[in-house]
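Accompanying notes for the structure given below.
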Amino acid sequence: MSGTTDERVRILRGREWAHPVRPARREVLSAVPEVDEGRPPLLFVPGFGHGAWAFAEHWLEHTASRGFPAYAVSLRGHGGSEPASGATLRAYTHDVVQAAAELPRQAVLVGHGAGALVVSHALARYPARAAVLVAPVLGGPATAGLALRANPVGTLPALFGGALRLHRRQLFGRELPDADARRHLARLGRAGRRAQWQLLAGRPAEPAVGRPPVLVLGSPDDRVVPPAALTRAAGRYGAAPLLFPGMGHDLMLDTRWQEPLDALLDWLVKDPGRR
Amino acid sequence: MSPSTEHGRPDPETTTLAPSRDGRPVSDRGDTVCVIGAGASGLTAVKNLTEHGFGVDCYERETGVGGGWNWRHDRSPVYASTHLISSRPFTQFPDFPMPDSWPDYPHHSQLLSYFERYADHFDLRRHIWFGTEVVRVEPVDGDRWDVTTRSTGGYGPERTSRYAAVLVANGHNWSPKLPRYEGLEEFRGEVMHASSYKDPAQLRGKRVLVVGAGNTGCDLAVEAAQQASRCWHSTRRGYWYAPKYVLGRPADQVNDALLSWRVPLRLRQWLYHRTLRLTVGDLTRFGLPKPDHRVYETHPIANSQLVYYVGHGEITPVPEVARFHPGGVTLTDGREIDPELVVFATGYLPRFEFLDPGILGDADGSGRPRLWLHAFPPGHPTLAVAGLLQPDSGLFTLAHWQTVLFARSLRLRREQPQRAAAFASRAAAGAGERYAGKVKDSSRHWFEVGHVDYLRAVQRALDELEGK
């Protein structure tokens with residue numbers, strides 16, 4: 001296994017016991033199939049700045065139409081969840097694990113962007129049936145350099161605790177109509193200051209419980225996550241990434257949103273987790 | 001293959017298709033693991049064993065999950081007001097949190113719904129045979145086990161299946177421990193064990209003597225204070241009655257903050273004594289005996305209300321019972337009291353009727369198993385007991401890690417037999433180890449563990465097992 005994940009199970013969790021995360025009201029949007037076919041539910045976790053709305057746009061409905069119950073959670077301080085300016089990565093992880101444990105069946109966790117980092121931490125606290133990392137931003141000092149090069153004006157304030165501002169060309173492909181792009185950009189919020197710094201510090205996630213199968217997908221033309229980062233992320237879980245050229249970072253909002261989602265669901269239909 | 005009509009002792013050359021000891025056929029379940037009981041520990045065993053790739057047959061004598069926490073079960077010790085005494089972060093399974101909306105100390109009915117959701121979430125019920133009790137568990141060649149079952153209550157034929165491993169999770173809070181007293185037979189009042197106490201109506205308007213200062217005894221004394229016309233509370237010694245909240249937070253979370261800063265025991269004891277003095281105050285002025293031990297040396301009692309009701313005169317603390325006579329009770333200080341109802345909250349003893357006591361290292365027949373990590377018997381690498389612990393914190397986290405360790409040791413037997421053998425000899429060498437520091441010697445503290453000491457030992461065992 002790679003050196004970036006700590007492979008030792010850590011069972012003494014004094015800090016988590018002594019200082020449990022303060023609960024925050026969570027927004028969970030959902031679309032469930034009309035007939036329950038016994039398929040596992042999917043829990044979509046948006047990245048920093050995004051809320052559950054990003055998946056409500058196209059992905060939730062389409063997932064449900066293919067027979068999978070679909071849910072999307074807004075991390076605290078995002079979307080319709082309770083405001084939380086001091087949120088930490090641990091609090092975000094808590095929100096995801098809580099949302100997953102509330103679902104009727106063992107869930108598949110799908111994290112987008114920095115939401116993939118949150119998912120990779122949540123996997124150490126919840127035995128997901130499978131995990132999918134979409135255009136994952138797994139953090140570490142290199143993340144800052146990349147973001148600075150792509151968008152210096154939007155990134156610099158974030159290094160000093162300000163908001164990270166992403167511009168249109170980073171998030172969407174060329175085909176997306178201007179009106180849509182502007183509508184999505186207007187909805188972007190910001191992650192907690194401490195969580196942003198923790199993203200840069202890049203503390204490795206503890207090992208995933210129950211060894212879930214992991215799929216990584218993204219776009220080689222993503223201006224937030226370069227192809228090398230995709231390959232590295234996939235390599236961490238022993239696979240190659242699935243690539244969708246021509247799309248921006250926000251695969252779920254781009255014009256060709258259906259292609260990566262169908263690939264993801266096809267992978268799940270093969271039931272990679274069943275032993 | 002030997003003919004299935006042969007009776008008598010088992011043939012050492014027996015094959016998997018040979019009959020059991022009494023000549024009935026044995027069905028071979030291959031690599032499947034048998035789990036006995038679908039309570040908290042059994043459920044987490046089923047989940048963790050299947051997660052590690054094992055087939056599992058779980059036998060449950062009742063018709064639902066939750067074991068003792070399911071108030072519908074006839075062996076359940078819970079009463080209407082039972083609440084948790086450890087707060088949520090310490091109580092929940094480490095990979096399936098209780099909902100954020102629940103209180104710090106959930107009610108037993110919430111706990112049952114938690115176990116039901118756990119079973120449904122991880123689809124565990126398909127592995128569980130409900131209404132089936134285990135009659136015998138016998139070792140056979142190759143570290144395998146013959147498990148004989150029948151319908152609960154003894155109906156129907158017995159069936160024997162052969163398993164690669166057995167995990168015992170039959171609970172240890174269902175077989176009442178009743179002390180002997182002179183004259184108890186002649187006592188004309190009502191006598192019951194706390195296991196039969198379900199509802200405060202049983203106490204209403206009566207003169208009640210509660211014997212025992214465990215967490216149940218204290219809960220019962222508090223209920224009697226509110227319901228009964230008179231309440232005496234008899235304890236063997238003075239105890240530290242810890243409030244459920246200190247410094248505005250659940251007391252166990254404050255305690256673990258100190259533990260995570262690695263504050264030494266002596267200093268923690270001193271701080272605890274200080275805090276109790278500032279909050280609860282000096283208990284001897286209520287007539288409660290002075291504790292004869294330092295805090296952390298007996299199983300902790302978390303009860304904020306006991307001292308409150310003692311202070312309101314609703315509970316009269318009394319010493320031990322010397323003897324019963326037809327009309328009342330004589331106490332060890334010579335006082336006479338006249339209760340109508342005596343409730344013995346004197347605890348429970350573990351019972352493993354289906355297993356030869358020698359297998360669990362109970363050579364002298366005292367009923368006390370000698371195991372490593374209170375889970376692994378020497379010389380039987382494919383047998384484990386889960387949940388046989390009295391932690392100073394929640395049990396389910398500990399049972400979870402016990403079953404993870406068992407599942408990984410079984411997996412290692414398959415993948416690296418030599419390393420697994422080394423692990424088995426480690427288990428044999430460690431039988432009878434304690435993980436609790438200094439505690440009072442009594443059957444109440446047989447399985448007493450400090451959760452941090454215990455989990456450190458499990459962590460070391462896991463690291464050793466995986467070669468880290």
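Please treat every number below as a calculation from the coordinates, not as lab data. All of these numbers come straight from a predicted model, not from anything done at the bench. With ideal geometry, Cβ positions are generated from the backbone for all residues, glycine too; neighbour counts draw on all protein chains shown.
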**Report entry** DSSP H segments from chain B that extend 15 Å or more along their own axis, Cα-based, with Kyte-Doolittle mean of -1.0 or above
**Finding:** B:40-51, B:108-121, B:215-227, B:265-279, B:396-415, B:417-429, B:451-466
Query raised in the report: Hey, can you rank B:31-42, A:217-228, A:137-148 by average C-beta count inside 10 Å, highest first?
Result: B:31-42, A:217-228, A:137-148
Query raised in the report: Relative contact order, percent, of chain B when contacts are C-alpha pairs under 8 Å separated by at least 6 residues?
Result: 17
Query raised in the report: Over all directions, what mean area does the Cα convex hull of region B:365-444 project, stated in square nanometres?
Result: 5.8
Query raised in the report: Counting each DSSP H run of 4 or more residues in the protein assembly as shown as -39500 (n - 2.57), what helix-only mean residue ellipticity at 222 nm follows after dividing by all residues, to the nearest 500 deg cm²/dmol?
Result: -9000 deg cm²/dmol
**Report entry** Rounded FRET efficiency, nearest 0.05, which uses the C-beta distance separating residue B:83 from residue B:330 and R0 of 30 Å
**Finding:** 0.30
Query raised in the report: If you look at just the Cα atoms of region A:14-269, how large are its Rg and its Dmax in Å?
Result: 16.7, 50
**Report entry** Positive minus negative residues near residue B:79 (Lys, Arg vs Asp, Glu; Cβ under 15 Å)
**Finding:** 0
Requested in this report: With just the Cα atoms of region B:190-344, tell me how far they stretch along each of the three principal axes, in Å, largest first.
Outcome: 55, 31, 26
**Report entry** Column: log10 I(q)/I(0), Debye, Cα scatterers of the protein assembly as shown, q = 0.07, 0.09, 0.11 Å⁻¹
**Finding:** -0.58, -0.90, -1.20
**Report entry** Residues listed by number, region B:429-468, amide nitrogen under 16 Å from residue B:353 label point at 7 Å toward C-beta
**Finding:** none
Query raised in the report: Where in region B:326-430 are there GluC sites (Glu not before Pro) that are in a DSSP coil and have at most 15 other Cβ atoms within 10 angstrom of their Cβ?
Result: B:353
Query - Average beta-carbon neighbours from other chains, 10 Å sphere, peptide B:87-97 - result: 5
Query raised in the report: Nearest 0.05, what FRET efficiency do residue B:249 and residue B:101 give at R0 = 25 Å with Cβ-Cβ as r?
Result: 0.85
Query raised in the report: Do any GluC sites (Glu not before Pro) in region B:416-468 lie in a loop, going by DSSP, with at most 15 other beta-carbon atoms within 10 Å of their beta carbon, and if so which?
Result: B:433
Query raised in the report: If the label point is 7 Å along Cα→Cβ of residue B:364, which residues in region B:410-445 have backbone nitrogen under 13 Å from it?
Result: B:442-443
Requested in this report: Quantify how strongly other chains surround peptide B:235-241 by giving the mean number of their Cβ atoms within 10 Å of each of its Cβ atoms.
Outcome: 0
Requested in this report: Evaluate Rg over Rh across region A:158-261, taking Cα atoms for both radii and Kirkwood's formula for Rh.
Outcome: 1.00
Query raised in the report: How much FRET efficiency would the formula 1/(1 + (r/R0)^6) give for residue B:129 and residue B:414, where r is the Cβ-Cβ distance and R0 is 22 Å, rounded to 0.05?
Result: 0.35
Report summary line: Note: A:120-128 gets an average of partner chain Cβ contacts (10 Å, Cβ to Cβ) equal to 2
